[in-house]
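One structure below.
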Amino acid sequence: MRADAARNLELLLTTGARMLAEDPATSIAAIAAEAGVDRRTVYRRFTSREELLAAVYQARLDAIEAAIEAARLQEAPVPEALHRYVHGVVRVNRTWPAEVSRMRSDPEIWARRLRAVEEVDRFVKRATYEGFLRAGLPARWPGSVLGSLVRLSTKDLSVLNDVQAADVIVDTFLRAFGKGDVG
């Protein structure tokens with residue numbers, strides 16, 4: 001794919017993610033106009049809104065998987081991995097806002113999402129085992145709360161940059177689930 005075509009596709013997908021998050025009934029023509037791309041170009045690439053939406057979800061998951069990989073959840077020290085992960089996913093949510101529950105309609109996309117959730121759950125178990133989080137909490141509860149905090153940050157912490165939002169989220173998470181002074 002040519003560089004300009006790749007840029008147009010990314011612009012189209014990020015614009016689509018934003019507009020569809022605001023109004024799920026947004027038309028392809030409206031998304032194309034907002035992205036500054038001819039709608040015929042869009043229809044050559046995507047024959048329906050559902051195809052465009054699937055491409056948005058694929059791009060979002062690619063970005064989430066990259067954030068998880070960059071965080072090195074199983075290798076890096078827990079505080080560093082936690083902050084890297086949260087920072088990366090805050091950026092993903094701000095770039096690719098999309099209603100994740102709508103991802104359930106595509107089994108492949110939903111399976112990828114569940115693998116990402118499982119990776120975070122493994123990290124939370126590791127953080128607990130290493131003494132950074134309190135033991136005895138209901139299974140998946142800390143990971144679910146962490147995910148909710150990150151999702152909330154998209155709107156509620158919009159005045160903060162990604163790093164500042166990550167600082168607030170990590171502090172909130174560790175105050176709720178941390179075990180003493182965890183750095």
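In this structure, is residue 70 more than 18 Å from residue 175 (Cα to Cα), modelled with pLDDT of 95 or more and within 18 Å of the chain's Cα centre (by Cα)? Step through it out loud before you land on a result.
Details: more than 18 Å from residue 175 (Cα to Cα): yes; modelled with pLDDT of 95 or more: yes; within 18 Å of the chain's Cα centre (by Cα): yes.
Considered against the rule, which asks whether it is more than 18 Å from residue 175 (Cα to Cα), modelled with pLDDT of 95 or more and within 18 Å of the chain's Cα centre (by Cα), residue 70 comes out as yes.
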Practice task
Considering each residue of the stretch 34-68, count those that are farther than 19 Å from residue 97 by Cα and not acidic (Asp, Glu), and give that number.
Solution key: 12
Practice task
Being open to solvent by less than 50 Å² (accessible area, probe 1.4 Å) and modelled with pLDDT of 85 or more is the filter; apply it to the stretch 6-19 and report the residue that is farthest from residue 151 (Cα to Cα).
Solution key: 9
Practice task
Within the stretch 131-151, identify whether any single residue is open to solvent by 80 Å² or more (accessible area, probe 1.4 Å) and within 16 Å of the chain's Cα centre (by Cα), and answer yes or no.
Solution key: yes
Handout entry: Condition check for residue 74: open to solvent by 30 Å² or more (accessible area, probe 1.4 Å) and under 24 Å from residue 126 (Cα atoms)
Key = yes
Practice task
Scan the stretch 82-91 and give yes if some residue there is under 30 Å from residue 125 (Cα atoms) and open to solvent by 80 Å² or more (accessible area, probe 1.4 Å), otherwise no.
Solution key: yes
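Rundown of residues vs (1) among the β-branched types (Val, Ile, Thr); (2) buried (at least 21 other Cβ atoms within 10 Å of the Cβ); (3) at pLDDT below 95, yes/no style:
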| site | (1), (2), (3) |
| --- | --- |
| 47 | yes, no, yes |
| 51 | no, no, yes |
| 62 | no, no, yes |
| 93 | no, yes, yes |
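The values are calculated or read from the model by the stated rules, or taken from the named source; none is laboratory data. These numbers come from a predicted model, not from an experiment. Backbone-built Cβ (ideal geometry, glycine too); neighbour counts: all protein chains shown. Calculation scope for accessible area: heavy atoms of the full protein, side chains included, ligands and nucleic acids excluded. Shrake-Rupley method; radii C 1.70, N 1.55, O 1.52, S 1.80 Å.
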